[in-house]
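Input: one structure, supplied below.
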Amino acid sequence: MNKSESIKELAMALAKAQAKMENPKFDTVNPFFKSKYASLAAVREATIPVLSEHGLSVVQFLRGQESGVECETMLMHSSGEWLSDSFAVPVSKHDAQGYGSAATYARRYALMAITGVVGDADDDGNTAVGGKNAKANEKATGGTPPNAPADFPP
């Protein structure tokens with residue numbers, strides 16, 4: 001994580017914004033896994049207006065890499081304080097659609113992370129630890145995690 005010398009005012013404003021923020025609505029269905037999740041638009045609708053009320057703004061920069069897409073998300077406060085971090089997503093289909101899908105996925109997850117909202121189903125760590133359903137889904141999907149949103153890179 002990178003940040004300005006001080007983030008005192010940013011932290012105070014973010015705490016106030018988070019107290020008013022609600023998780024985004026699950027407005028999209030992944031037909032393969034029959035799971036619901038919040039689209040990037042739903043995440044923005046749930047976060048950006050509340051952030052703005054507290055002098056906060058977000059910008060996201062995308063960088064194409066040979067193996068995927070990197071999204072740097074910067075949270076800024078009207079005082080000039082800021083913090084940022086990057087999130088990289090691999091791309092297996094190296095065309096415009098593959099990179100576009102990875103970019104949307106990275107932006108959505110990075111925005112949720114920096115604002116503290118949740119926009120997808122929680123599998124209680126089953127995928128991360130290779131639980132029984134994770135192994136079955138990995139075999140069936142060629143490695144796509146269970147409950148992965150439709151825009152998850154193939």
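Mind checking the full-extension length gain between residue 20 and residue 113? Use 0.36 nm per residue of separation minus the Cα-Cα distance, one decimal, nm. Spell out each step's value before the answer.
Working: separation 93, 0.36 × 93 = 33.48 nm, distance 1.63 nm.
Full-extension gain reported as 31.8 nm.
While we're here: What are the ³J(HN,Hα) values, in whole Hz, obtained from phi via the Karplus relation 6.51 cos²θ - 1.76 cosθ + 1.60 with θ = phi - 60°, for each residue of segment 57-66 in sequence order, with x given for Gly and Pro?
Computed from phi, the couplings for segment 57-66 are 9, 10, 10, 10, 10, 9, 10, x, 10, 4 Hz.
Starting from the 7 Å offset along Cα-to-Cβ, what nm value, one decimal, do you get for the label separation of residue 97 and residue 3?
4.2
If packing is taken as the average number of other Cβ atoms within 10 Å across a peptide's residues, how do 44-55, 89-100 rank, most packed first? Display every interim value, and only then the final one.
Numbers: 44-55: 17.2, 89-100: 14.2.
Put in order of decreasing packing, that is 44-55, 89-100.
Counting each pair of different Cα atoms once, what's the Kirkwood radius of segment 16-73 in Å, rounded to one decimal?
On the way: mean 1/r = 0.0744 Å⁻¹.
For segment 16-73, the Kirkwood estimate is 13.4 Å.
Using every pair of alpha-carbon atoms in segment 46-101, split the distances into 10 Å bins beginning at 0 and state the percent of pairs per bin, rounded to integers.
22, 38, 24, 15, 0
Also: Going down the table (36/93; 16/93; 8/36; 3/25), which pairs top 32 Å between alpha carbons? It would help to have the intermediate numbers written out before the result.
Details: 36/93 24 Å; 16/93 41 Å; 8/36 36 Å; 3/25 30 Å.
Listed pairs above 32 Å: 16/93; 8/36.
Sticking with this structure for a sec: So what's the gap between the Cα centers of segment 75-122 and segment 1-68, to the nearest angstrom?
8
Values in this text are rule-based calculations from the coordinates and carry no lab data. Keep in mind that this is a model prediction, so the values were computed, not measured. Positions of Cβ are backbone-derived with ideal geometry, glycine not excepted, and every protein chain shown enters the neighbour counts.
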